[in-house]
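What follows is a short report on a single structure.
Coordinate-derived values only; no laboratory data. Note that the structure is a prediction, hence the values are computed from the model and not measured. Every residue, glycine as well, gets a Cβ built from its backbone with ideal geometry; the counts of neighbours run over all protein chains shown.
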Amino acid sequence: MKAFIFLIAIVATVNVCLAQDFNKAMATAKTSYSAGKLEDAHFALQQAMQEVDLTIGKEVLKLLPPKLGAMQSTAKDDNVSSNVGFVGATIRRSYAQAKQSADIIIIDNSPLIAMTNAILNTPMLGMMSHGKDKIVKVQGYKARLEKQTGSTADKNSYELQIPLGSALFTFKVTDCTDSQILELADAIPLQQIAKLIE
Amino acid sequence: MKRTLYFSCFLIGVMFVHAASAQSLLKKLKNKVSDAVSNTADKKTDNNSTTSSSSSGKPVNKGGGGLSNTPPPDVKAQMADAESAHAAKKYSDSRYALQQALMGVEIQLGNQILKSLPTTSDGLDADMTKDVVMSTQWGWSNLSIQRVWKNKSDKQLTMTVGNAGLYAGLAAMYFTNATMVETGNAKQNFKQVKVKGNKAIIQYEDSTGYTLIVSLGQSSMIVWECINFANEQEVMNTANSFDIDGIKKMLGEK
């Protein structure tokens, strides 16, 4: 019980800190803009956007299930990073159980979005694949499922790539079949995540 | 950590491929702004122009009202929206409002820079109808500013100022990569020079004339495209007549 209360206190503190950083950046932006210091206002707005990206990332992590199949999430590997420039926030969670593991990576403004969408929506490109990938649907979203070479002949890893607006959702699972990864993917609330990051 | 490293290596690899061609770099920046100029010019032409009929039987558009120009985002209003959305935990809306505010600031910055540019340069007059300030705040690029000076004898100077982090970084890599310098040939097509102490690349092609690219600080660049200029010295003299330090200061570059 004490540990639970302590954890809640930490989460609340982090959330307050994030809000303060955002409020501070906005205050700087407003002051600079009113003073005609456009470049300073620009920088402060970028800082504020980074803070929002971090907050969104943490909210997305809350939506991700703590457990996928028999695999448990490893909290110490949870990661949210925000970038200013051409790539947006990166959100990551890992799961593991015995010899099987899974990774969820969400990259906002991903440079791979255009290519992935082209493959999903261009039949010719799909036909030119090397036979190890196929187009599937996960919760109504078109996705690209790729079989990756496993460590032994009878064990394979799979990777699922799902464009969600301007973000790319990548789900990798080791030691599984294609139906197993799709079953695990169905447990992830993609629609709620898409709403948060769009 | 490994995945982050692989992803960074992938991005760096992409950058090196792009850095191998100054023409590719310039073309991207040119195309960006040229598209904006074409769209601006199209809005100003007579919309009643006739077009040839289609052989497929499908009706051909012969005119229309075009699109109305929307004013740039109201920065103060967008900042207020961003704050209230953030307080209401509508983070997606807050992010969108911040993007709009950033665009608004960039357009104002761009207009300031445009106002600071001279109305005449090397005996050429500015064609204000081709002035462009464009901000996309969309992933890979943000602010671009363009002005064209010309005379009646087909001599033209186009200056583009870009605050595009990706291209400026690539240009800087080009400057520091010794294998990218072309020397010792009977006819050099490009070489490194300096414009008011800033590293630059100058290129010449018979079909396009002179192109001078200056990297400014960490994320900005200026490109001068000079058509029917007599020689390299004239191009350098023209570039040196601009207030580059002033532009750097407005863009927040050191």
Rounded to two decimals, the Debye log10 I(q)/I(0) of segment B:79-129 (Cα scatterers, no solvent) at q = 0.14, 0.21 Å⁻¹ is -0.52, -0.73
Diffing segment B:244-251: the Karplus 3J(HN,Hα) column from phi (6.51, -1.76, 1.60, θ = phi - 60°), in whole Hz with x for Gly and Pro, holds 5, 4, x, 5, 4, 5, 5, 7
Most exposed to least, judged by fewest other Cβ atoms within 10 Å, B:GLU83, A:GLU159, A:GLU183 sort to A:GLU183, A:GLU159, B:GLU83
Excluding residues fewer than 8 positions from B:LYS62 in its own chain, the aspartates and glutamates with Cα under 16 Å of it are B:ASP42, B:ASP46
The aspartates and glutamates whose Cα lies under 13 Å from the Cα of A:LYS62, excluding any fewer than 8 residues away in the same chain, are A:ASP78
Expected integer from the mean partner chain Cβ neighbour count at 10 Å over B:80-89 is 3
Burial-style ranking of B:97-104, B:128-135, B:154-161, average other-beta-carbon count within 10 Å with highest first, yields B:97-104, B:154-161, B:128-135
Of segment B:120-135, those with amide N under 11 Å from the point 7 Å along the Cα→Cβ vector of B:ASN151 are B:121-125
Surpassing 23 Å at the alpha-carbon level, of the pairs A:LYS132/A:LYS172; A:LYS58/B:LYS89; B:LYS115/B:LYS196; A:LYS67/B:LYS89; A:LYS58/A:LYS142, are A:LYS67/B:LYS89; A:LYS58/A:LYS142
